[in-house]
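Some notes on the structure that comes next.
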Amino acid sequence: MPMDAEEIEQLIKEDFPDAIVSIEDLRGDGDHYAATIISEAFAGKTRVKQHQMVYSSLKGRMGNELHALALQTSAPNKA
């Protein structure tokens with residue numbers, strides 16, 4: 001069963017409560033999403049590590065209920 005955007009956001013926010021999360025359903029099928037996530041937890045981490053952290057927050061659903069998730073992750077900009 002596909003996941004909805006709200007469920008994805010909820011799982012991410014459980015691990016990254018400070019995150020600003022934006023999720024777009026790319027095909028309208030509940031199976032292909034793009035997510036932009038900004039969190040202080042990503043500061044000083046490589047892009048690969050940031051993405052691993054997000055996949056971990058999805059608790060095994062990536063590749064199962066969630067077929068595709070394009071990620072853009074970053075730490076907040078400090079002005």
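The values are calculated or read from the model by the stated rules, or taken from the named source; none is laboratory data. Remember, it's a predicted structure, so these values are computed and weren't measured experimentally. For neighbour counting, all protein chains shown are included, and Cβ atoms are generated from backbone atoms with ideal geometry for every residue, glycine included. Side chains included, ligands, DNA and RNA excluded: accessible areas come from the protein's heavy atoms. Shrake-Rupley method; radii C 1.70, N 1.55, O 1.52, S 1.80 Å.
The table below lists the values:
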quantity	calculated
Selection from the range 15-31 of residues that are touching a residue at least 12 places away in the same chain (Cβ under 8 Å), more than 13 Å from residue 71 (Cβ to Cβ) and over 11 Å from the mean Cα position of the chain (by Cα)	18, 25, 29, 30, 31
Matching residues in the range 13-31 - criterion: being open to solvent by less than 50 Å² (accessible area, probe 1.4 Å) and over 24 Å from residue 49 (Cβ atoms)	30, 31
Qualifying positions in the range 20-79 - charged (D, E, K, R) and farther than 18 Å from residue 2 by Cα	40, 45, 47, 49, 78
Residues that are closer than 13 Å to residue 59 by Cβ, touching a residue at least 40 places away in the same chain (Cβ under 8 Å) and not acidic (Asp, Glu), drawn from the range 1-14	3, 8, 11, 12
Residue that is farthest from residue 12 (Cα to Cα) [pool: residues in the range 35-79 that are hydrophobic (A, V, I, L, M, F, W, C) and either in contact with a Gly (Cβ under 7 Å, 6 or more places away or on another chain) or in a helix (DSSP H, G or I) (or both)]	48
Complete set of residues in the range 32-45 that are open to solvent by 70 Å² or more (accessible area, probe 1.4 Å) and touching a helix residue (DSSP H, G or I) at 6+ places or on another chain (Cβ under 9 Å)	45
Total residues in the range 46-74, condition in contact (Cβ under 8 Å) with a residue 24 or more places away in the chain, within 19 Å of residue 17 (Cα to Cα) and either aromatic (Phe, Trp, Tyr) or open to solvent by 40 Å² or more (accessible area, probe 1.4 Å) (or both)	4
